[in-house]
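Only the coordinates and a few stated rules stand behind these numbers; no lab work does. Everything quoted here is computed from the prediction, not taken from an experiment. Positions of Cβ are generated from backbone atoms using ideal geometry, with glycine treated the same way; all protein chains shown enter the neighbour counts.
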Amino acid sequence: MMSHRLKILHIISSWESGVANELAAFAARLPRDEFESKICVLAGQDCRRVPDVPTTTLNRRWSFDVNAHFGMRRTLRQFRPDVIHAWDTTAQCYSTMQRRGSECVLVEKRDTGAPNGWWQNYFDRKTDRFIVPRENDHLPVAKTIIVPPLAVPLSCDSIPAEALLAKLDFPLVEPSGDYYPILQPQYEPARRNYRPIPHQQPPFLIGIVLPLCSEHRILDALWVFETLNHVHLNFHAFFLGEGKDREQFLRYRDRWKLSSRVHFLGNRPAPERLLPSFDVLLHLSSSAEHSGTILSAMSCGVPVIALETPESQEYVLDGTTGFLIPSEGDFRFYRRTAAKRLLSLLKNVELRRSMQIAAKDRIAQKYNFEETIQRRIQIYHEL
């Protein structure tokens, strides 16, 4: 029997981080009789609450924010944690710089590439343990523990497309009833070789759960939606998240006349409320940090169309649980490929259903939520 509860300080850059859902689910499931937890958010709004876990926000504004550094030092002095669990690279920087020496620093590393600069090597040397999803040749073997990422189960039920649009107060746009294929056969305006679409087909819902930043290829997704709109397909796309380039993307949406089809919802409602209702998740980001969204979508049976990265190759079985878009070539290639994959899913209902079943089965077999939690708890005790 333990004489006292272990104190765990979870640090994350913001609630918009790609691992925010995993942190919230993990902190909520930690046994209260064994652990006392606290969450420290470096930047952004305190927009999420974890039951029975206090949260503090440091209001970090710059890369090197003196006030945030003093706030972190004050938090460590008051809480006196046994283990500091940093959930992304920014959190690792702040936690290793302010540690007193008695705490153990544990860092989640999703990117298995080489460290970016001497400063990252410095912070890695001051870290006690790394949790990585696969083998990493750039980190010390003695410090590295391979643990699968948390596939957070979503308890919300799926909402039919028409009901979801009515709930969000978006008008139901009537399809034209016909379209022309993007690739085969070639569209010939003189012949008007359109193909009919059944009028009773419900709207096709596409989800994108990413920060609204250029590095996540949001503009490429908008181009794909402009193409689908141009060929008269009945779809609605929802962007969940905020970011520094939001206004720029809104201007592109309005310029391409997509306001009736493409909707920017921000951080409200939470992604876990809408994700089960999507017909497909479109994930064109190459960021390893935000790859956990793929697992969340698969856990509730949503097929995924993702850019080919080491993470997506491990999670998605191409043609079985979703589609992978090769990252080679220029932007025109993967834009066109994404449009082709979306079109094939929209037309083939049986393919969508088989992918839904396969995605759920893969998560249940390889990314068991409870087993992953117990593995991290075991690491806490070892530290």
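Side notes on the structure shown:
- Principal-axis tilt of helix 369-382 within the chain, Cα atoms, nearest 10 degrees: 20 degrees
- At R0 = 22 Å, FRET efficiency that the Cβ-Cβ distance of ARG74 and LYS126 yields, to 0.05: 0.65
- Gyration tensor verdict on the range 161-366 (Cα atoms; rounded if a/c is under 1.5, prolate if a/b is larger than b/c, oblate otherwise): rounded
- Degrees between helix 66-79 axis and first principal axis of the chain (Cα, 0 to 90, nearest 10): 60 degrees
- Shape call, the range 264-359: gyration tensor on alpha carbons, a/c limit 1.5: rounded
- 0 to 90° range, to nearest 10: angle between helix 218-230 axis and the chain longest Cα axis: 20 degrees
- Helices in the chain, meaning DSSP H runs of at least 4 residues, each add -39500 (n - 2.57). Divided by all residues, the mean residue ellipticity at 222 nm is -11000 deg cm²/dmol.
- Percentage relative contact order, the chain, counting C-alpha pairs under 8 Å, at least six apart: 14 percent
- Rounded, prolate or oblate (a/c below 1.5 giving rounded, otherwise prolate when a/b exceeds b/c) for the chain by Cα gyration tensor: prolate
- Between GLY44, GLY266, GLY292, the residue with the greatest mean-square fluctuation in the GNM of the chain (Cα pairs under 10 Å linked by springs) is GLY44.
- Order of CYS40, CYS47 under a 10 Å beta carbon neighbour criterion, fewest first: CYS47, CYS40
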